[in-house]
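Peer 1: Below is a structure I'd like to ask you about.
The values are calculated or read from the model by the stated rules, or taken from the named source; none is laboratory data. For clarity, every value in this text was computed on a predicted model and none was experimentally measured. FYI the Cβ positions are ideal-geometry reconstructions off the backbone, even for glycines, and counts take in every protein chain you see.
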Amino acid sequence: MARPPRFALSQLLDAAVELAAEHGPSGVTMSAVAAAVGAPSGSLYHRFAGRTALLAEVWLRTVEGFQEGYFEALESSDDPRAGGRAASRHVVAWSRAHPQEAALLLYGAHEFGRDDWSDDHLRRADEGNMQVRAAVAALAGALGVHGRLALERVSLAIIDLPLSLVRRHLRAGEPLPPHAEDLAEECTDALLAAG
């Protein structure tokens, strides 16, 4: 009977998140993660085919965790503007609650080695991206606006705007101010109303 793994997958990925938040994607190496949890380097190769697989998993777990709550917020109301406001608030609130993961997401998937990801990792990433595009289109339709400009406005309102607020503070090494959720929601609502 095989011995259960001594280090949980979540423990290894949590260590990778911490390394990425502190040192960027280049700081996430098999040996650095192993050292962070006190595991022999070889034990990581039982979980990940190599550094590329580790980078893909840490990126995808972070994005998928964020997106789960984001889509729930977006669909939290029958009023599309209220759903858009909730999604915008979620971006800020999630980033406040998960500062290391938010710092990781300041990078892009390509900085986490997307060009070399396995087909399965690429499929997961593409499915998430398609779900975001579908949610933006659905919100635009529910608001009764159509066309490329409408999609740009909705994307700006519920994705780019709250992310830019978070990004500015995280890159400056500052905590998010207490009013950040309210400000993001107010700006999102103004953009959605103008559409």
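Peer 1: Does the range 138-150 contain any residue that is part of a helix (DSSP H, G or I), modelled with pLDDT of 95 or more and under 19 Å from the mean Cα position of the chain (by Cα)?
Peer 2: Within the range 138-150 (the criterion being part of a helix (DSSP H, G or I), modelled with pLDDT of 95 or more and under 19 Å from the mean Cα position of the chain (by Cα)), the answer is no, since none of the residues qualifies.
Peer 1: Something else now. Give me the helices (runs of 4 or more DSSP H) completely within the range 1-50, filtered to those with at least 1 residues that are at pLDDT 95 or above, ordered by residue number.
Peer 2: Ranges flagged: 9-23, 30-37.
Peer 1: Looking at the structure I just gave you, is Glu57 surrounded by 14 or more Cβ atoms within 10 Å (Cβ to Cβ), in contact with a Gly (Cβ under 9 Å, 6 or more places away or on another chain) and not aliphatic (A, V, I, L, M)?
Peer 2: no
This table checks each residue for (1) of a type in the set (Gly, Ala, Ser); (2) within 15 Å of the chain's Cα centre (by Cα); (3) crowded, with 16+ Cβ neighbours inside 10 Å.
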site: Arg85; (1), (2), (3): no, no, yes
site: Ala97; (1), (2), (3): yes, yes, no
site: Gln100; (1), (2), (3): no, yes, no
site: Gln131; (1), (2), (3): no, yes, no
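Peer 1: Taking the range 6-41 as the region of interest, how many residues are among the polar types (S, T, N, Q), closer than 27 Å to Arg96 by Cβ and surrounded by 14 or more Cβ atoms within 10 Å (Cβ to Cβ)?
Peer 2: So the answer is 1.
Peer 1: Every residue in the range 100-129 that is within 18 Å of Leu54 (Cβ to Cβ), assigned to a helix (DSSP H, G or I) and among the aliphatic types (A, V, I, L, M), please.
Peer 2: Ala103, Leu104, Ala109, Leu122, Ala125
Peer 1: Restricting to the range 31-52, name every residue that is more than 18 Å from His110 (Cβ to Cβ) and within 22 Å of the chain's Cα centre (by Cα).
Peer 2: Val33, Phe48
Peer 1: Go through (1) part of a loop (DSSP other than H, G, I, E, B); (2) closer than 19 Å to Leu163 by Cβ and name the single condition Ser77 misses.
Peer 2: All conditions pass for Ser77, except number (2).
Peer 1: Name the residue, out of Ala93, Ala193, that is crowded, with 18+ Cβ neighbours inside 10 Å and in contact (Cβ under 8 Å) with a residue 24 or more places away in the chain.
Peer 2: Sole residue among the options that is crowded, with 18+ Cβ neighbours inside 10 Å and in contact (Cβ under 8 Å) with a residue 24 or more places away in the chain: Ala93.
Peer 1: Do you know which of the residues in the range 60-73 that are surrounded by 19 or more Cβ atoms within 10 Å (Cβ to Cβ) and more than 18 Å from Ala109 (Cα to Cα) is nearest to the chain's Cα centre (by Cα)?
Peer 2: Out of the qualifying residues, it is Tyr70.
Peer 1: Could you check, for the range 51-64, whether at least one of its residues is more than 20 Å from Val33 (Cα to Cα) and assigned to a helix (DSSP H, G or I)?
Peer 2: Looking for residues that are more than 20 Å from Val33 (Cα to Cα) and assigned to a helix (DSSP H, G or I), one finds at least one in the range 51-64, hence yes.
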